[in-house]
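Here is the structure we will look at, set down as structure tokens.
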Amino acid sequence: MPSLLPAREHRVARTIQIAQNHDAVWARITDYANSPDWRPKLQGVHRVADRDDRPVWREGDLLMETVEEERPRRLVRRIADPGAFGGEWRFTLEEAGTGCRLVITEDGWVQNPVMRLVSRYRGGHTREINRYLRALAHSFGDDHAQPADTYPS
């Protein structure tokens, strides 16, 4: 019988097509200081001291560190102060027709078994990625773009 308890580690990926070029999307997702303008659940963003010459920002309660940046195609950010959970988001941008295809892949973990169960029943591991992608599309005036499943290679 399969376990009802989700595994500690997980990988999920979601994609969205946005009617903007990848440079415009890159500019929006890397302008951390202005993220609260288009991410409605984000209470505040503050720059803090770099770690190992990498930029670090406090986004609400999370300390986020940029660990890789290949403009305007690839961005990797991770939780810099993991506690009950941790992990990273990899952003991959590709030109697609007259717009941009953005894939966010999350490699994460949740320590507490009870929190893993709660996560499963509150939208799963894709909940925050979906929220982020919808808000991003909306920030460009596109309320029709919807996140879709993506399976990373």
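The values are calculated or read from the model by the stated rules, or taken from the named source; none is laboratory data. Bear in mind that the values here come from a model prediction, so they are computed numbers and not experimental data. Neighbour counts run over all protein chains shown; Cβ positions are idealised from the backbone, glycine included. Surface accessibility is based on the protein's heavy atoms, side chains included, excluding ligands, DNA and RNA. Shrake-Rupley method; radii C 1.70, N 1.55, O 1.52, S 1.80 Å.
From the mean inverse distance of alpha carbon pairs (Kirkwood) and the Cα radius of gyration, derive Rg over Rh for the chain. Walk me through the numbers on the way to the answer.
On the way: Rg = 15.7 Å, Rh = 16.3 Å.
Reported Rg/Rh (Cα atoms, Kirkwood Rh): 0.96.
Report the label-to-label distance for residue 58 and residue 88 in nanometres (one decimal), using points 7 Å from each Cα along the Cα→Cβ vector.
It is 2.4 nm.
Quote the charge dipole size of the chain about the Cα centre in Debye, to the nearest 20; the model charges only the Cβ of Lys and Arg (+1) and of Asp and Glu (-1). Before the final figure, lay out the partial values.
Working: 23 positive and 23 negative charges, 111 e Å.
Charge dipole, the chain, about its Cα centre: 540 debye, nearest 20.
Lys/Arg Cβ at +1, Asp/Glu Cβ at -1, dipole of the chain taken about the Cα centre: which of 104, 16, 124 is farthest positive-ward?
Looking along the dipole axis, the top candidate is 124.
Taking only protein heavy atoms into account and a 1.4 Å probe, give the accessible area per residue of the chain in Å². Display every interim value, and only then the final one.
Values: 8810 Å² over 153 residues.
Roughly 58 Å² per residue, with all protein chains present.
Give me the net charge for the shell around residue 82: Cβ to Cβ below 12 angstrom, other residues only, Lys and Arg +1, Asp and Glu -1.
Values: positive: 78; negative: 65, 81, 88.
Summing Lys/Arg as +1 and Asp/Glu as -1 gives -2.
Taking trypsin sites (Lys or Arg not before Pro) that fall in a DSSP loop and have at most 13 other Cβ atoms within 10 Å as cut points, what is the longest piece of the chain between them?
Formally, the longest exposed-site-free interval is 74-121.
Just to check I understand the Karplus step: with θ = phi - 60° and J = 6.51 cos²θ - 1.76 cosθ + 1.60, what whole-Hz values come out for segment 52-57, glycine and proline as x?
Each residue of segment 52-57 in turn: 6, 6, 10, x, 10, 10 Hz.
Could you state the orientation-averaged shadow area of the convex hull built on the Cα atoms of segment 71-153, in nm² to one decimal?
On the way: hull surface 27.2 nm².
For the Cα atoms of segment 71-153, the hull's average projected area reads 6.8 nm².
Quick one: pull the percent of accessible area on the chain belonging to carbon and sulfur, 1.4 Å probe, ligands and nucleic acids left out.
On the way: 4400 of 8810 Å².
Carbon and sulfur atoms account for 50 percent of the accessible area of the chain.
FRET efficiency for residue 51 and residue 144, Cβ-Cβ distance as r, R0 = 41 Å, nearest 0.05? Walk me through the numbers before you get to the answer.
On the way: r = 39 Å, r/R0 = 0.95.
In this case the efficiency is close to 0.60.
Kindly provide the helix-only [θ] at 222 nm of the chain, computed as the sum of -39,500 (n - 2.57) over DSSP H runs of four or more divided by all residues, to the nearest 500 deg cm²/dmol?
Working: 3 runs with 31 residues, N = 153.
About -6000 deg cm²/dmol.
Kirkwood hydrodynamic radius of segment 104-147 from all distinct Cα pairs, in Å?
Numbers: mean 1/r = 0.0849 Å⁻¹.
Answer for segment 104-147: a Kirkwood hydrodynamic radius of 11.8 Å.
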